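The values are calculated or read from the model by the stated rules, or taken from the named source; none is laboratory data. Predicted model, so just to flag it, every value in this text is computed and none were measured. Ideal geometry is used to build each Cβ from the backbone, glycine not excepted, and the neighbour counts take in all protein chains shown. Accessible surface areas use protein heavy atoms only, side chains included; no ligands, DNA or RNA. Shrake-Rupley method; radii C 1.70, N 1.55, O 1.52, S 1.80 Å.
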Amino acid sequence: MKALDYTMLVLVIIGAINWGLIGFFGFDLIRILFGDMTLLSRIIYAVVGICGLYALSYFGRIANEAD
């Protein structure tokens with residue numbers, strides 16, 4: 001389970017870096033690397049989004065570890 005957590009966290013960080021690049025510089029790295037809304041870029045966006053939703057479970061696990 002820990003490997004899955006680290007993989008998901010890395011993908012969330014990649015997504016956050018991409019959003020930071022978009023916000024600060026108007027530069028979408030995924031679009032540059034994989035094309036403007038190609039099937040592959042849409043899959044990447046979807047996977048990063050799913051990882052972000054999965055990362056919400058970290059809050060529950062952190063709270064359980066604190067008890």
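Which of the residues that make up region 17-37 are open to solvent by 60 Å² or more (accessible area, probe 1.4 Å) and either part of a helix (DSSP H, G or I) or in contact with a Leu (Cβ under 9 Å, 6 or more places away or on another chain) (or both)?
Matches in region 17-37: ILE17, TRP19, GLY23, PHE24, PHE25, PHE27, LEU29, ARG31, ILE32, LEU33, PHE34.
Out of region 1-16, which residues are exposed (fewer than 14 other Cβ atoms within 10 Å of the Cβ) and assigned to a helix (DSSP H, G or I)? Let's see the steps before the verdict.
Within region 1-16, the first condition is being exposed (fewer than 14 other Cβ atoms within 10 Å of the Cβ), and the residues that meet it are 1-4, 6-7, 10, 13, 16.
Those that are exposed (fewer than 14 other Cβ atoms within 10 Å of the Cβ) and assigned to a helix (DSSP H, G or I): LYS2, ALA3, LEU4, TYR6, THR7, VAL10, ILE13, ALA16.
Give the residue that is nearest to ILE13 (Cα to Cα), with candidates limited to residues of region 38-67 that are among the hydroxyl-bearing types (Ser, Thr, Tyr) and either out of contact with any helix residue (DSSP H, G or I) (no Cβ under 8 Å at 6 or more places or on another chain) or surrounded by fewer than 11 Cβ atoms within 10 Å (Cβ to Cβ) (or both).
SER57
Pull out all pairs, ordered by first then second residue, where Cβ-Cβ is under 6 Å, the residues are six or more apart or on different chains, the first lies in region 28-41 and is without any contact (Cβ under 8 Å) to a residue 40 or more places away in the chain, and the second is open to solvent by less than 90 Å² (accessible area, probe 1.4 Å) and outside any helix (DSSP H, G or I).
SER41/GLY35
Given (1) at pLDDT 95 or above; (2) more than 14 Å from the chain's Cα centre (by Cα); (3) not aromatic (Phe, Trp, Tyr), where does ILE62 come up short, assuming only one miss?
Condition not satisfied by ILE62: (1).
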